[in-house]
Amino acid sequence: MFAGTVSAYAINPHTGALTPVAGSPFKAGTHPLSITIDPYGESVYVANSDSNNVSAYEIDPNTGALTPLTGAPFVSGASPFSVAIDPSNKFAYVANSNANNVSGFAIDSTTRALAPLAGAPFAAGGSPYSIAITGTSVPPCVAPAGTGTTHGSINVAETWTEEGSPHIVPFDINISAPVSIEACAVVRIATGGTITITPSGSMIALGAPGRAVTFEALTAGASWSSIRNLGGTLSLTHALLTGGGAPLNTNPAYAGVLHMQSPNTVGTLHVDDVEIADSASQGIYINDSVGFDATSRNLRIHDAVGFPLHVYARVIGSIPSGDYTGNGRDEIGIA
C-alpha cells in the first residue's frame, strides 16, 4: 500500500505456492488500496486513494506481467477505495470515499481504456468504501439450432453474429470488404472450401474468453481447406479453428488452416488466444514476407498431420508465444 506498487505472482496449480512474476512489483499510484481483475482475466484496475485515480494494466496471458494501458492512470473522484467491473466487461465503477460519489466509466472493447460515463460521478452516501455489482458471470455460448445464414463472396461490409449462426460457407468465397465476427458466432465451411481475403477485405473475429468464435467443418469429418490471406487483414481474437487444412491438389507441406500469401509487405495477420486443432496438413502456412504482427500472442496448435507452422525463414521471428506440441511433427517447418 505505502510502496505505491502492485505485486504479481504465478500460482503453482498443485501446491498453491506463489512465485513473483518477472518485473514485479509494478508501479501504481499513491496509496493503492484495492485491485480488481476484469471478468475475462485480461485487465487489472487499481484504486489509488491518495492520487485520486485508477491505474490500469493489461495482463500478459503467458507471463502474468502487467503493462499500463494507454491513457492510464484514469482520474476518479477524491480518495477512491474500490473498483467494480460489470459482468459484460463494458463498464467500471469506482467508490470515492472522500467525494461521497461513484465514478462511472465505459471500457473500450479494444484498448480496455476508461472513458467517463455521461452524468458521472453519481451521488452516493457518506464515505463509500466498497462497491459491488449484481448479475451473472459471462454467459456461455449456445450451440446454434437454426438453419443459420449462408454466405457467398462479400463486397460490402458485414457482421456475422451469434444469433445468425451457423454462418455457412457452402463453396469457395472471396472477402473484399470488412467482415466482423462476433463472440460465440459459428462459421461452418464446406468440404475443401477456402475463404480468400483480398487486399480490400478484412476478417476480424472478436471472440472473448469463454466465448470464442468457432470455425469448423460443415460436414463432420470432411475437412475444409483454409482461410487464405492475399493481402488483406486477418485478425483472430479468442477463436477456435477445427477440421481444416485439406491440402486439395497441393503437396500437404504447402497447405494449412491459415494460409498467409500476402505479396511484398501488404497484409496483416494477428492472433490472440487462438487454438487450431485437427488440421489435415499444417496449422499455419506462410509463404511470403508478411508474418504475424508484433502484438500476436497465445497461439496453440495441436493434432495437425504435419508441422504446427511452416513459414518462410524471413518471418520466423514473428511467431508468437504459444504451444505447438502434439502434432505429426512438433517442429517449425522453414522454407
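Across the range 271-313, what is the total count of residues that are outside any strand (DSSP E or B), on the phi > 0 side of the Ramachandran plot and among the polar types (S, T, N, Q)?
Residues meeting the conditions: 0.
Restricted to the range 1-52, the set of strands (runs of 3 or more DSSP E) holding at least 1 residues that are polar (S, T, N, Q) and loosely packed, with under 14 Cβ neighbours inside 10 Å comprises 18-20.
When the range 68-96 is filtered for residues that are assigned to a strand (DSSP E or B) and under 18 Å from PRO209 (Cβ atoms), the ones remaining, listed by number, are ILE85, PHE91, ALA92.
Within the range 294-315, the set of residues being modelled with pLDDT of 95 or more, crowded, with 20+ Cβ neighbours inside 10 Å and not β-branched (Val, Ile, Thr) comprises LEU299, ALA304, GLY306, PHE307, PRO308, LEU309, HIS310.
Residues checked against (1) under 15 Å from SER281 (Cα atoms); (2) not in a strand (DSSP E or B):
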position	(1), (2)
ARG228	yes, no
SER235	no, no
THR250	yes, yes
ASN264	no, yes
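Screening GLY267, GLY291, GLY245, GLY328 for residues that are small (Gly, Ala, Ser), at pLDDT 95 or above and in contact with a strand residue (DSSP E or B) (Cβ under 8 Å, 6 or more places away or on another chain) leaves exactly one candidate, GLY245. Taken over the range 314-331, residues that are under 19 Å from GLY244 (Cα atoms) and either among the hydroxyl-bearing types (Ser, Thr, Tyr) or in a strand (DSSP E or B) (or both) amount to 3.
The values are calculated or read from the model by the stated rules, or taken from the named source; none is laboratory data. All values derive from a computational prediction rather than experimental measurement. In this analysis, Cβ positions are derived from the backbone assuming ideal geometry, glycine residues included, and neighbour counts consider all displayed protein chains.
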